[in-house]
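S.K.: Have a look at this one.
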Amino acid sequence: FLLLIGIGSILVLIPISYFLAGKSLLPIKETFENQKKFIADASHELRTPLTVIQTNIEVLKLKEDEQIKDNMKWLNNIASESETMAKLISDLLLLAQAENQRLVLEKEVFDLSSMCTLLVGLMAEIANEKGIELSENILPGVQYRGDEERLKQAARILLDNAIKYTPTGGKVQLCLSQGKRNLVIEVKDTGIGLTEEEKAKVFSRFYRVDDARNRETGGVGLGLNIADFIVKKHGGKIKIESVANKGSTFSILLPRPNLKQDTKKNNHKID
Ligand code: ADP
């Protein structure tokens, strides 16, 4: 009889506690939603005045005025800091959109090889300025169905990091290859590398291995989180192989597409 009472009261208490917990969680959920919306809206609103500031700096820099020329150093500092802020705002906006499920990927068939070649070309000057040998080994004619702009952004983050975290005189290489199951974009560097412990944390938001050492590189620790999100949205993953003080290889693995099936199903835009 006691056992029956025990079981009975458990059966009654479980739904009641679920109901109460659900009620008390509702405001917390709402607060989170509001917070996410606030970040998205704030990032969006901050972009306009910042663009105005940046345009005004450019106008000032072009003026033939001795006083302005004497103060060019300060103007350049403002320009560089506003560029960092613009990048931070656009990263925050992208992450907020991602969290609100408002980030829609444009999936179209495109030439992944051309995208990689273009990217290496874009980064050539930055690498050159830093005295880093940038090379490529890109398999030609590789087609892929996905969001070209976003994937370019992800690969660019890896390439940008490879250059940032490799000292002068080092080497960086971007490779594109085709395995049985995956297309692989590899970014190899001979830079500062990562320990096992650091490797496990680098995808977390705002994580930087050594903030003091990295300060001059200007990032805030959002890049890999964004790259990881974009690649996962394509059903892929980012793999890291790294040895501290020797270098790293960051690889984007994208499941190989079934292009024949895709073209039959749809001519162009698919999501
Ligand atoms: P950010 O570069 O803006 O700091 P990321 O999210 O792109 O942010 O990278 C997070 C951290 O991972 C970096 O601060 C850096 O410490 C480490 N990291 C990323 N890429 C590399 C690399 N190629 N070599 C060594 N460390 C790296």
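The values are calculated or read from the model by the stated rules, or taken from the named source; none is laboratory data. Since the structure is predicted, the reported quantities are computational estimates derived from the model, not experimental observations. Virtual Cβ from ideal backbone geometry, glycine too; neighbours counted across all protein chains shown.
S.K.: For a quick check of your reading of the model, give me the residue pairs whose first member lies in region 156-167 and is farther than 14 Å from LEU222 by Cα, whose second is assigned to a loop (DSSP other than H, G, I, E, B) and more than 7 Å from the ligand (Cβ to nearest atom), with beta-carbon atoms closer than 7 Å and at least 6 apart or on different chains.
M.R.: What qualifies is ILE163/LYS130; ILE163/ILE132; THR166/ILE132; THR166/THR190.
S.K.: Let me ask something else about it. Suppose the filter is of a type in the set (A, V, I, L, M, F, W, C) and touching a Lys or Arg at 6+ places or on another chain (Cβ under 9 Å); does ILE138 pass it?
M.R.: So ILE138 does not fit the description; no.
Residue by residue, here is whether (1) closer than 28 Å to GLU148 by Cβ; (2) at pLDDT below 85; (3) among the hydrophobic types (A, V, I, L, M, F, W, C) holds:
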{"position": "ILE10", "(1), (2), (3)": "no, yes, yes"}
{"position": "LEU20", "(1), (2), (3)": "no, yes, yes"}
{"position": "THR55", "(1), (2), (3)": "no, no, no"}
{"position": "ILE78", "(1), (2), (3)": "no, no, yes"}
{"position": "LEU105", "(1), (2), (3)": "yes, no, yes"}
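S.K.: Additional query: Exactly one of (1) modelled with pLDDT under 95; (2) of a type in the set (A, V, I, L, M, F, W, C); (3) more than 7 Å from the ligand (Cβ to nearest atom) is unmet by LEU134. Its number?
M.R.: The single condition LEU134 does not satisfy is (1).
S.K.: Separate question: Would you be able to say whether some residue in region 121-144 is assigned to a helix (DSSP H, G or I) and within 17 Å of the chain's Cα centre (by Cα)?
M.R.: Taking every residue of region 121-144 in turn, at least one turns out to be assigned to a helix (DSSP H, G or I) and within 17 Å of the chain's Cα centre (by Cα).
S.K.: Just one of THR55, THR48, THR84 is assigned to a helix (DSSP H, G or I) and over 24 Å from GLY223 (Cα atoms); which is it?
M.R.: The unique qualifying residue is THR55.
S.K.: Just a yes or no: is a residue in region 173-181 more than 11 Å from the ligand (Cβ to nearest atom) and within 30 Å of GLN101 (Cβ to Cβ)?
M.R.: yes
S.K.: Would it be correct to say that GLN101 is free of Cβ contacts under 8 Å to residues at least 60 places away in the same chain, polar (S, T, N, Q) and closer than 30 Å to ILE39 by Cβ?
M.R.: yes
S.K.: Please count how many residues of region 146-165 are within 13 Å of the ligand (Cβ to nearest atom) and charged (D, E, K, R).
M.R.: So the count comes out to 3.
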